[in-house]
Structure formats: C-alpha cells, structure tokens
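Read-outs: derived from the displayed coordinates by stated rules, not from any lab. None of the values given here were measured: they were computed from a predicted structure. As a convention, Cβ positions derive from the backbone with ideal geometry for all residues, glycine included, and neighbour counts pool all protein chains shown.
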Amino acid sequence: MDLRRPYEKARRNRLWIVSSLLPVAAFFILLTAFPVLNLLGLSFFHVEWREGAASFDFVGTENFRRLFVQENVFWAGVRNNVVFAVVAVTCQMVLGFSMALAVKTAGSYGRALLTGIFLLPIVVPPIVIGTMWRLIMGREFGLANTLLGFVGLGPVDWLGNPDIALASVIFVDVWHWTPFVFLLMLAGLESLDGEVLEAARIDTVSRWQQIRHVIVPMMMPTIVITLLFRVILSFKVFDEIYLLTSGGPGTATEVVNFSIYRTFFRQDQVGYGAAMSVVTLFSISLVIILAREFMQRRASRRDGAA
C-alpha cells in the first residue's frame, strides 16, 4: 500500500480549494477592499484641483476633527436619517406583512391581481417617481391640494414646509419600497409548513392568535433579514431626497448621502467627503455586526430552550 497517496490527494484538494477561491479573493480585493482602503486614505488628505491635476496635502485627522467638532449639516442629516429609517422601515414592515397576508389568503385570481397591483411602485424608475410626486405634492397645482380644496381645506406646502417636508418624503419612500418588503414576506409565508398552519386552524385558534403565536415566530428569520435589508437601504436613500427637496427647506430633509454628494461634487472637498463616507461606512457596518450578533444570540437561546 502506497502511504503517499492520501497525502497527495489531500494536497491536490488543498490546491483545488485555493485555486477555486483565488478569483473570489481577487474580485473582493479589486471591488471592495481597494475602494474602501482608497477612501480611507483620501480621508487623511486635503485634495485640490490645480491646473487640471489633483494636489494631495496630508492633513492627518483634520478632516475627522472638522467633522465631529465643526460640522452641523452632516449631523442634521444623521438625525434625519435615523428618523427616516425608524418611521419608514416600521411602516413598510407592517404594511408589507399585512399585504402578504392578504395575498396569501386570497384566491388564485385575487392573488395574481393583488400581487400585480402591489408590485407596481417598485418597478417605477426613480426619476419618474420624483417627477410624479412633485406634481402630486405641488403647492399651487398639485393633485393633493386640489383634492383638499374640494373639502374646503387650504393648500399645504408638502415639500416646502420644514415641519412636514420629511414626513412627505417618508410617505413617498413607504409607497416606493413597501412592495419590496411585501415580496420577501410573501416568499416567507409561502415557505411555511402548511401542516403547522392547518393544525393551528383546526385547534380553533383565532386569526389574530394564529398570526401572533404561529405565523410571526415561524417568519422571524425572514422578518429579521428583511428588516436588516431595509434599514441598510434606508441609510442609502438619495434619489428621493435629490428629486423632491434637495435636502431642504434648510436642513429639514438633509440626509447623510446627500451631504456626502454635496461635499464631493458641488464643493469639491474630496478629502472631507471621504471622511464623511468612512464614518458612515463604519457606522452602518457596526449596525450590521450588532444585528448579526443579536440574531445569533437569539437563535442560540431558542435552540437551548428547545
């Protein structure tokens, strides 16, 4: 018996694994690690354009000091982003789950019709959404104020009033992204064990009790993943802000991405914009890590209780 054969086989397996992972590692370095490291490096420089060429002046942590000590607009955007994420994502989760339950219990014809209607907003291009809702929410000739006029109510400046501008943008985001939540929730409902649901129905459990004590616990992995997706995407909101309000009036609808866009492309402060981006990237990554840790601990407690 040749004792070298197992070692040669193991070596070939290792070579196969390494060669298989090399393209993935190369793509990761090229498309993820390199841009992030480049962004981090830029955050320590003051970049100016002189005679068509970029001039890099090392300033150390000055950009971060300026961000945390002097900046007000960026942190107003952070505050608005948190409010935006909490309110918009909560509404989307509740509405999306409710819509998925409605479609799940509908007949075959009703299910196809409702699914088509519910998914319409998510297929509309952002530029069309911005134009459409600016026409609807226009102060003078907007459809919303026209309808209010029929019931004797005065015109409302939906996008120009600092007190309601953010709520108006949140409403548009809920309209736009609830179909995404609905789609994931419907997929989760379709994957549930039908025998468990049938047993709950036979046991004369009320519909509300079925949802609360049977469906929601079984749907928890889908709910958590969907919630995580939407929280991340809500901190990346840009197109709706840009098209509807451009961050105004004042800083009423300022968000992090719009602050970074303005710093990079309107003010040409590349190093400072990079510092903003690094802080944002770190914060979102921290949220993802904490959410993942929470899900793992919750799963461990559930497995231990079982």
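Observations on the structure shown:
- Within the chain, helix-based [θ] at 222 nm, where runs of 4 or more DSSP H residues each add -39,500 (n - 2.57), nearest 500: -22500 deg cm²/dmol
- With a Förster radius of 41 Å applied to the C-beta separation of R79 and F150, the computed FRET efficiency comes to 0.65.
- Candidates A85, A76, A187, ranked by Gaussian network fluctuation over the chain, Cα under 10 Å, top entry: A187
- With the cut-off at under 17 Å, measuring from each backbone N in the stretch 67-96 to a point 7 Å along the Cα-to-Cβ line of S246 picks out no residue.
- On the basis of the beta-carbon distance and an R0 of 41 Å, S98 and R139 show a calculated FRET efficiency of 0.80.
- Choice from R50, R79, R230 showing the highest fluctuation, given a GNM over the chain with Cα pairs closer than 10 Å: R50
- Kirkwood Rh, angstrom, the chain [1 / mean 1/r, Cα pairs]: 23.6
- About the Cα centre, charge dipole magnitude for the stretch 172-212 (Lys/Arg +1, Asp/Glu -1 at Cβ), debye: 180
- One decimal place: the segment F282-R298 gains 3.3 nm when fully extended, by the rule 0.36 nm per residue minus the C-alpha distance.
- Potential lengthening between R50 and E195 on full extension [0.36 nm per residue; Cα-Cα distance subtracted]: 45.2 nm
- Extreme residue, positive dipole direction of the chain, given options S108, F74, Q210 (C-beta unit charges): Q210
- Check: the stretch 78-305 dipole with +1 on Lys, Arg Cβ and -1 on Asp, Glu Cβ, in debye: 320
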